[in-house]
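Reviewing the structure listed below.
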Amino acid sequence: MKFEDLPKAYEPKEHEEEIYRIWENSGFFNPDALPNSDKRKPFSLMMAPPNVTGHIHVGHAMENTMSDVLVRLKRMQGFKPLFLPGKDHAGIAGQHVVEKELKKEGKSRTAIGREKFVERVWDWMDQYGSDIDQELKRLGLSVDWSRKRFTMDEGYQKAVEEVFIHYHKKGYIYRGKRVVNWCTRCQTTISDLEVEYKEEKGNFYEIKYGPLTIGTVRPETKLGDTALAVHPDDERYKEYHNKEIEIESVDNTIPRNQPPKKAKINLIVIPDEEADPGFGTGVIKVTPAHSMADFEIYERHPEVPVTKIIDEFGKMNENAGARYQGLKVNEAREQIVKDLDELGLLIKTEEYDHSVSHCERCGAIIEPLLSNQWYVSMKELAGAATKAIKKDKIEFIPPTRKKVMLDWIDNIRDWNISRQLWWGHRIPAWHCACTEPEWHISHTKPDTPCKKCKKTWKQTEDVLDTWFSSGLWTFVTLGWPDKTEDLETFYPTALISSAREIFFLWIFRMIFSGIEFMGEPPFKVIYTHPTILDSQGKKMSKSKGNVVDPMKLIDEVGIDATRFGLVWQVMSTQDIQWSLGGFRTGKKFLNKLWNSWRFIYGQLGDGEYTLERPKVTLDHTKKIIAEYDETTGTVNNMLEKLEFGAALHELYDFYWHHFCDIFLEGAKKDDSDETRQTLIYVFAGCLKQLHPFIPFITEYIWSLVPLQKKTLLIVEEV
RNA sequence: GGGCGAUUAGCUCAGUUGGCUAGAGCGCUUCGUUUACACCGAAGAUGUCGCAGGUUCGAGUCCUGCAUCGCCCACCA
């Protein structure tokens, strides 16, 4: 046997597909199919389900590679690991892709109607929904495909309804009329956490309000003013407390084609701490229907009226008066500034940078406006989460995240869970036709019509916030609400690995849902991994065009080198500045591994070897065995602490600089049995240790190593 | 505005509880076609460890202040 029989270079593309197929066919991704499966200790990990509409980006690739390293290690350590894959239906984003498609065909969502639209979304899923699966396979992830879930699959939908009904029974669900973030394009409310603020140039206007002066960047909301607020201790305005003052304003009944006229209106001046005496004039105009802060003032002073002047499309409505009705918000702004100026009510205009809220999904401007929505009361649920966290039922990595979570929960508000979308989980709530409709919460439509209006019940059009369903991911994926064996075995999971971005949106919601429905937190460890920034150290984003496609990397260097490069950089939970160094190092390392194998192959001679630990007597064999033992010990400790990069560095250094540079070189001059047995022992050990990181090449070489009684490397014991 | 973190070789980063003559990978210089690998080997150069103070026998490591950068959160009427 000669090393020349093996090609000089390892070609990843020639083996990757084949090896993944072998793994899949072996069934070993499924923990139940592992040898001695019932004696193994479970180790479970849920993949953060990517949006079905998206593609895998480098962040996903890194996150899932690290998870896979852990899962593969645990599998080899004799655990029963479940790495469960799946996808999220991605409410707004899902609706968006199909809307765009329709637009290309000259159709629209509203034109084809809800039923047809939802059908189209499912069609889209059939066509493109599996793209992500293919990408995950191309990362070499050892996930159990037989257990893969989708947040809109049948069982999941049932579970989501169950949860809603459960919350309702406990009295947590209610309908509330509040100011919400309204996307004027998506036509739905969105969460605070999905609002993106962008600094924009604008103007700061000072406007005469009777005896007072007020500053604002949104003068058009003047039409919805129902009060003024001053700080209770502000001496300047004490005389006005709780008094109505008469102010001159624009007569909004005069049509636009006529010159503006003045009109007199009365506004009450209320004392409220929200007003900052140090900012501007210290007086706030209160527009409760179109500002969160103002709405909160209204809640403290319910005597203040609420007037809605902007509609769902971002246009002024009838309450804005004939002069402004129908204008878009920014047009109305121009108009009213002009009018106020002509009437001598505009004191001054200054340039002013302020942050404007945009929809994270579509980029359109968010209008805060008054709306009727469904809420979940967070008091009890958040309380339970806080308690568990304070009792250290969950470990945070890095530990600083614990306080961040607790602080956030401390200031939590009730959760607006309804969205005015068509793609998502329908809310199991039914209403009658009465003017003050009655609500019925149940899986199916109530049998008997409403007693008052005698009309049949209709299901609410709203769907649930995507995070309502993804918050249930850790246990619905295991079969909840049924009492399944999977739940028994795999809940709670060992850890959750996630980006900082969704720490509150997702992680928090999984915590309280897990506690509420399963009685204990859904994971023992929350690992907040680093974010990959671009080569300039800036966050990657589609709009900046600085995102890196991991699939292209795989095309270039192969799966193993890609995985190597991703993990190589994770030295802490500190963010990572993108660079190609690690991928090059990875590629070179694979070459080294391959060629050292070719050399060893040539050294071995004929015959089959065993994996017995050699009894070492020579200096160089003793040394390499000692170093090998130390390295494996260190590496396993590091992985236990989720120090992925450091573990890989350790292995790299040992393999290259100790095993190859020193031991292998020395072995050239020594063909004793002891040296040969040490060679094969340490080499095979390294293949095992390296397998979680670079599974393909190691599995392939393993298939060539002349060892007795070997199975696939993926289930070898380490 | 609040929180967290970073700042070490040309570049990307290690450097655990203070003991460093400060390391790795890439790049660079010189040499080497030795029974795997030139995607290699051997040898080597390169740093006032962001700035200013302080604690200490001793500080890249601890403390204070400053500067720059980044991420997260909140948001200004």
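The values are calculated or read from the model by the stated rules, or taken from the named source; none is laboratory data. This one's a predicted model, so the numbers in the text were calculated from it and none came from an experiment. Methodologically, a virtual Cβ is constructed for each residue, glycine included, from the backbone with ideal geometry; neighbour enumeration extends over all protein chains shown. All accessible areas refer to the heavy atoms of the entire protein, side chains included, with ligands and DNA or RNA removed. Shrake-Rupley method; radii C 1.70, N 1.55, O 1.52, S 1.80 Å.
If you take the residues in region A:58-98 that are modelled with pLDDT under 90 and surrounded by fewer than 21 Cβ atoms within 10 Å (Cβ to Cβ), which one is farthest from A:Cys186 (Cα to Cα)?
Here the residue is A:Val97.
Of everything in region A:286-309 that's hydrophobic (A, V, I, L, M, F, W, C) and within 9 Å of RNA strand B (Cβ to nearest atom), which residue is surrounded by the most Cβ atoms within 10 Å (Cβ to Cβ)?
The qualifying residue surrounded by the most Cβ atoms within 10 Å (Cβ to Cβ) is A:Val286.
Is it fair to say A:Val217 is of a type outside the set (Gly, Ala, Ser) and farther than 29 Å from A:Asp339 by Cα?
No: the conditions fail for A:Val217.
Here are the criteria: (1) among the basic types (Lys, Arg); (2) more than 11 Å from RNA strand B (Cβ to nearest atom); (3) surrounded by fewer than 21 Cβ atoms within 10 Å (Cβ to Cβ). Tell me which single one A:Arg563 does not satisfy.
The number of the failed condition is (3).
Quick check, is A:Lys222 touching a helix residue (DSSP H, G or I) at 6+ places or on another chain (Cβ under 7 Å) and either within 14 Å of RNA strand B (Cβ to nearest atom) or of a type in the set (S, T, N, Q) (or both)?
Against the criterion (touching a helix residue (DSSP H, G or I) at 6+ places or on another chain (Cβ under 7 Å) and either within 14 Å of RNA strand B (Cβ to nearest atom) or of a type in the set (S, T, N, Q) (or both)), A:Lys222 qualifies.
For A:Thr65, which of the numbered conditions (1) within 30 Å of A:Ser579 (Cβ to Cβ); (2) more than 16 Å from RNA strand B (Cβ to nearest atom); (3) free of Cβ contacts under 8 Å to residues at least 60 places away in the same chain fails to hold?
Going through (1) within 30 Å of A:Ser579 (Cβ to Cβ); (2) more than 16 Å from RNA strand B (Cβ to nearest atom); (3) free of Cβ contacts under 8 Å to residues at least 60 places away in the same chain one by one, A:Thr65 breaks only (3).
If you go through region A:568-579 one residue at a time, how many are among the hydrophobic types (A, V, I, L, M, F, W, C) and either within 6 Å of RNA strand B (Cβ to nearest atom) or modelled with pLDDT under 90 (or both)?
Final tally of qualifying residues: 2.
Do we find a residue being within 10 Å of RNA strand B (Cβ to nearest atom) and either touching a strand residue (DSSP E or B) at 6+ places or on another chain (Cβ under 9 Å) or farther than 20 Å from A:Asn591 by Cα (or both) anywhere in region A:673-691?
no
Taking region A:191-219 as the region of interest, how many residues are within 7 Å of RNA strand B (Cβ to nearest atom), part of a strand (DSSP E or B) and within 23 Å of A:Arg323 (Cα to Cα)?
Looking only at that region, the number is 4.
Against the condition touching a residue at least 12 places away in the same chain (Cβ under 8 Å), open to solvent by 40 Å² or more (accessible area, probe 1.4 Å), charged (D, E, K, R) and within 16 Å of RNA strand B (Cβ to nearest atom), how does A:Asp272 come out, does it pass?
No, not satisfied.
Answer yes or no: is there a residue in region A:544-552 that is more than 15 Å from RNA strand B (Cβ to nearest atom), among the acidic types (Asp, Glu) and either closer than 30 Å to A:Glu14 by Cα or touching an Asp or Glu at 6+ places or on another chain (Cβ under 8 Å) (or both).
Checked against the condition, which is being more than 15 Å from RNA strand B (Cβ to nearest atom), among the acidic types (Asp, Glu) and either closer than 30 Å to A:Glu14 by Cα or touching an Asp or Glu at 6+ places or on another chain (Cβ under 8 Å) (or both), region A:544-552 yields at least one hit.
Return the residue satisfying two criteria in turn: it lies in region A:627-672 and is within 9 Å of RNA strand B (Cβ to nearest atom) and basic (Lys, Arg), and of such residues it is farthest from A:Ile526 (Cα to Cα).
My answer is A:Lys669.
Of all the residues that make up region A:534-555, how many are in contact with a Phe, Trp or Tyr (Cβ under 8 Å, 6 or more places away or on another chain) and acidic (Asp, Glu)?
Residues flagged as in contact with a Phe, Trp or Tyr (Cβ under 8 Å, 6 or more places away or on another chain) and acidic (Asp, Glu) within region A:534-555 amount to 1.
Within the bounds of region A:413-423, is there any residue that is away from RNA strand B (no atom under 16 Å from the Cβ), among the aliphatic types (A, V, I, L, M) and surrounded by fewer than 17 Cβ atoms within 10 Å (Cβ to Cβ)?
Looking for residues that are away from RNA strand B (no atom under 16 Å from the Cβ), among the aliphatic types (A, V, I, L, M) and surrounded by fewer than 17 Cβ atoms within 10 Å (Cβ to Cβ), one finds none in region A:413-423, hence no.
Which pairs turn up if I take residues in region A:590-616 that are near RNA strand B (Cβ under 8 Å from one of its atoms) and look for partners that are among the basic types (Lys, Arg) and assigned to a loop (DSSP other than H, G, I, E, B) with beta carbon separation below 8 Å, at least 6 apart in sequence or on another chain?
A:Asn595/A:Lys8; A:Arg598/A:Lys8; A:Gly602/A:Lys2
Please count how many residues of region A:310-344 are open to solvent by less than 70 Å² (accessible area, probe 1.4 Å) and among the aromatic types (Phe, Trp, Tyr).
So the count comes out to 1.
Every residue in region A:391-412 that is in contact (Cβ under 8 Å) with a residue 60 or more places away in the chain and more than 8 Å from RNA strand B (Cβ to nearest atom), please.
A:Lys393, A:Ile394, A:Glu395, A:Phe396, A:Ile397, A:Arg401, A:Met405, A:Ile409
Select, from A:Glu501, A:Glu556, A:Glu516, the only residue that is open to solvent by 40 Å² or more (accessible area, probe 1.4 Å), in contact with a helix residue (DSSP H, G or I) (Cβ under 7 Å, 6 or more places away or on another chain) and more than 20 Å from A:Leu70 (Cα to Cα).
The match here is A:Glu516.
From the set of residues in region A:9-57 that are farther than 30 Å from A:Gly91 by Cβ and among the β-branched types (Val, Ile, Thr), which is surrounded by the most Cβ atoms within 10 Å (Cβ to Cβ)?
A:Ile19
Being over 21 Å from the mean Cα position of the chain (by Cα) and surrounded by 22 or more Cβ atoms within 10 Å (Cβ to Cβ): is that true of A:Ile427 here?
yes
Does A:Pro232 satisfy the criteria of being within 14 Å of RNA strand B (Cβ to nearest atom) and in a loop (DSSP other than H, G, I, E, B)?
Judged against the criteria, A:Pro232 is a match.
Which of the residues spanning region A:351-370 are within 11 Å of RNA strand B (Cβ to nearest atom) and open to solvent by 30 Å² or more (accessible area, probe 1.4 Å)?
Hits for region A:351-370 are A:Tyr352, A:Asp353, A:His354, A:Ser355, A:Glu360.
Based on what the data block shows, is A:Phe150 over 30 Å from A:Asp560 (Cα atoms) and of a type in the set (A, V, I, L, M, F, W, C)?
No, not satisfied.
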